[in-house]
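Trainee: For reference, the structure I am asking about is given below.
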Amino acid sequence: MTRHILIVDDDALMRRSVSLHLEQNGFRASTASSAEDALALARRDRPDLILLDIGLPGMDGLQAIRHFQRDMDDVPVIFVTARRRELDTILGLEMGADDYITKPFNLDILTAHVKAILRRAERGATPAAAAAPATVGDIFIDPAAHVATIAGKPVDLTAKEFAVLHTLALAAGNVVSTEDILSQVWGAEFAGEPQVVYVNIRWLREKIEADPNAPKRIVNVRGVGYKLVAPGNAATA
């Protein structure tokens, strides 16, 4: 079956070039210049993946993704941005996108991202999300129920934060390299992009550490990676 990609960008040249390249690579592409038009189009002709520019006129991409999640929450989204300062928001708050790419980009690289996300969507949940519950000190993580608690109190985590925490919990007390976290949570296609780990670790610490600037649970081992320890058992890193 030919996969349908919806390209949402207010740059007409960008829409044409991306659309043509994707079609040359075996995809069916449709385009919209605004979030409003994209939402209407997607309701008529459901896409398999959405390329969503953040800097749209009117409703921007960060607002639009909420509508896409409400109407079709299982359709993967790749954010496109020309503004590097937005990446902390995208990655840290995890707005629901499955990936991001910055302008200007190579069309072959974009197509590789699209194919990788579609493969991941076909595979379903990541191994970290599908594994058994884990307990580290007063932290309890149950992937099946998507529940994380500290001392019995629920912690509100994004999907990626949850998967990072669970990955660390499965290796409690041992260092997990940044590369291994990338591979287990985001997939091998993200090799060489450690910033997604750094930002999600930072936001995870904001939610589970008493003092995020002096973390006692998620410990950084410089030049290696991170380990999750019970409070009071953290070694100096």
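Trainee: Among the residues of region 147-166, what is the count of those that are in contact with a helix residue (DSSP H, G or I) (Cβ under 6 Å, 6 or more places away or on another chain) and at pLDDT below 90?
Mentor: The number of residues fulfilling the criteria is 3.
Trainee: Quick check on region 90-113. Is at least one of its residues among the charged types (D, E, K, R), at pLDDT 75 or above and surrounded by fewer than 20 Cβ atoms within 10 Å (Cβ to Cβ)?
Mentor: The answer is yes, given that some residue of region 90-113 is among the charged types (D, E, K, R), at pLDDT 75 or above and surrounded by fewer than 20 Cβ atoms within 10 Å (Cβ to Cβ).
Trainee: Could you please give the count of residues in region 210-228 that are in contact with a Gly (Cβ under 9 Å, 6 or more places away or on another chain) and surrounded by fewer than 19 Cβ atoms within 10 Å (Cβ to Cβ)?
Mentor: Residues meeting the conditions: 1.
Trainee: Next question. So Ala144 fits all but one of (1) over 22 Å from Ala116 (Cβ atoms); (2) modelled with pLDDT of 80 or more; (3) small (Gly, Ala, Ser); what number is the exception?
Mentor: Failed condition: (2).
Trainee: Of all residues being acidic (Asp, Glu) and within 15 Å of Asp11 (Cα to Cα) in region 36-86, which is nearest to the chain's Cα centre (by Cα)? Just the residue, please.
Mentor: First, pick out the residues of region 36-86 that are acidic (Asp, Glu): 36-37, 45, 48, 53, 60, 71, 73-74, 86.
Checking the rest, the ones that are also within 15 Å of Asp11 (Cα to Cα) come to 37, 53, 60.
Values: Asp37: 25, Asp53: 16, Asp60: 19 Å.
For region 36-86, the residue satisfying everything is Asp53.
Trainee: Something else about it: If I ask for residues that are within 20 Å of Ala116 (Cβ to Cβ), touching a strand residue (DSSP E or B) at 6+ places or on another chain (Cβ under 8 Å) and in a helix (DSSP H, G or I), which ones from region 4-48 would you list?
Mentor: Scanning region 4-48 gives Val18, Ser19, Leu22, Glu23.
The values are calculated or read from the model by the stated rules, or taken from the named source; none is laboratory data. For clarity, every value in this text was computed on a predicted model and none was experimentally measured. Note: ideal-geometry Cβ built from the backbone for every residue, glycine included; neighbour counts use all protein chains shown.
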